[in-house]
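J.: Dumping the structure here so I can ask a few things about it.
Read-outs throughout are calculated quantities, based only on the coordinates presented, and are distinct from any laboratory measurement. On a predicted model such as this, the values are computed, not experimentally measured, just so you know. Here Cβ is always computed from backbone atoms with ideal geometry, including for glycine, and neighbour counts include all displayed protein chains.
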Amino acid sequence: MRVKIETIADGQPEEVVIYCRSITPEIETMARQVQELGRAKSSIAFFKGEEQHYLSLREILFFETDSERVFAHQADDSFEVKLRLYEVAEKLPGYFVRISRSTLVNTLQIKSIQKGLTGVSQIAFRNSRKEVYGSRMYHPILTQKMEERHLYEII
């Protein structure tokens with residue numbers, strides 16, 4: 001695969017063009033990643049009481065709603081995020097995925113997924129005893145994101 005970069009004049013819109021013989025899953029993934037990089041993502045503020053913390057999103061295991069509040073969970077701590085869950089989802093990189101109406105997980109931190117008889121998935125995380133449950137409705141997208149996870153591990 002050949003990569004070519006050209007500079008443009010000020011005021012012209014930046015554009016990425018992919019020339020390919022056919023649209024493969026790899027090409028679709030590459031296009032999605034370029035689109036995600038192009039979107040401006042503002043940072044997410046994490047709070048413990050009135051104190052604001054500055055955390056790396058890679059450290060976050062999952063985001064969940066609890067009584068109209070959104071919390072970000074690390075392996076041994078949790079922080080409040082003063083946004084709605086859908087607003088958080090818009091700001092997250094592609095290695096996060098929704099697994100239920102109330103939970104977003106970091107696929108880079110998933111250690112195992114145990115699918116139950118009813119289709120509900122129990123998700124365990126690396127270096128933590130915390131677990132969350134995913135809805136069967138979101139299982140196909142979770143499986144897809146887990147297969148794409150290696151693309152984000154090198155970033």
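J.: Mind listing the long-range amide H neighbours of SER100? Cut-off is under 5 Å, sequence gap 5 or more, other chains count too, H placed in the peptide plane at 1.01 Å from N.
T.: Hits under the 5 Å cutoff: SER135.
J.: Also: Subtract the Cα-Cα distance of GLN52 and TYR133 from 0.36 nm times their separation in residues, and report this length gain in nm to one decimal.
T.: Going from the current span to full extension adds 26.3 nm.
J.: For GLU68 and TYR86 in the same chain, what is the full-extension length gain: residue separation times 0.36 nm, less their Cα-Cα distance, in nm?
T.: Contour length minus the Cα-Cα distance gives 5.2 nm.
J.: I've got another one for you. Would you mind ranking VAL132, VAL17, VAL34 by Cβ crowding within 10 Å, fewest neighbours first?
T.: VAL17, VAL34, VAL132
J.: Can I ask one more? Would you mind ranking HIS139, HIS150, HIS53, HIS73 so that the residue whose beta carbon has the fewest other beta carbons within 10 Å leads the list?
T.: Taking fewest neighbouring Cβ atoms as first place, the list is HIS150, HIS53, HIS139, HIS73.
J.: Long-range amide H contacts for LEU83: which residues qualify at under 5 Å (H placed 1.01 Å from N, peptide plane, sequence gap of 5 or more or a different chain)?
T.: VAL70
J.: Quick one: how many lysine pairs does the chain have with C-alpha atoms less than 15 Å apart and a gap of 8 or more or different chains? Give me the count, please.
T.: Taking the chain as the scope, the lysine pair count is 5.
J.: Projecting each Cα onto the charge dipole of the chain (Lys/Arg +1, Asp/Glu -1 at the beta carbon, about the Cα centre), which of PHE79, ALA31, SER121 comes out farthest on the positive side?
T.: SER121
J.: Using +1 on the beta carbon of Lys and Arg, -1 on that of Asp and Glu, and nothing else charged, what's the dipole of region 46-153 about the Cα centre, debye to 20?
T.: Dipole size: approximately 400 debye.
J.: Sticking with this one: Would you mind calculating the relative contact order of the chain from Cα pairs under 8 angstrom and at least 6 residues apart, reporting the percent as a whole number?
T.: 16 percent
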